[in-house]
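The structure under discussion appears below in the form of structure tokens.
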Amino acid sequence: MAYIPKQYASLERGYREQALKLFPWVCGRCTREFVYSNLRELTVHHIDHDHSNNPADGSNWELLCLYCHDHEHSKYTEAKQYGSTVKAGEDLEREQATHNPFADLKARMAKGK
Ligand SMILES: [Zn+2]
Ligand SMILES: [Zn+2]
């Protein structure tokens, strides 16, 4: 498990509470709805990936379920690797529009041989 700084829990609680007050309890990607009993699985994503950037109007937050949040971060890492210069927010929208689930199928099949 990754190292989590001591104050992280209180930091997270601070903006998480604010975000949960601002936004409906719905995942921004898969639109799964949340209630009190499973609210733990709804997380606050930072659109610019800067956890210290927490504007009170929520413009840097997005509520995502654990799965979509994970996916969001792996996507960001990939974009970085390929040297993309677009900002995270713009990148996401463009990727959604052009996303092809079979894009890597060929590569995966080749590996399987
Ligand atoms: Zn989701
Ligand atoms: Zn995130």
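The values are calculated or read from the model by the stated rules, or taken from the named source; none is laboratory data. Computed from a prediction, not measured in an experiment: that's the story for all the values here. Note that we place each Cβ from the backbone using ideal geometry, even for glycine, and neighbour counts take in every protein chain shown.
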Handout entry: Selection from region 50-67 of residues that are within 13 Å of ligand 2 (Cβ to nearest atom), in a loop (DSSP other than H, G, I, E, B) and in contact with a helix residue (DSSP H, G or I) (Cβ under 6 Å, 6 or more places away or on another chain)
Key = Asn54
Practice task
Would you check if there is a residue in region 75-86 being at pLDDT below 90, exposed (fewer than 14 other Cβ atoms within 10 Å of the Cβ), in a loop (DSSP other than H, G, I, E, B) and not hydroxyl-bearing (Ser, Thr, Tyr)?
Solution key: yes
Handout entry: Complete set of residues in region 29-44 that are within 11 Å of ligand 2 (Cβ to nearest atom) and either touching a Cys at 6+ places or on another chain (Cβ under 8 Å) or assigned to a helix (DSSP H, G or I) (or both)
Key = Thr43
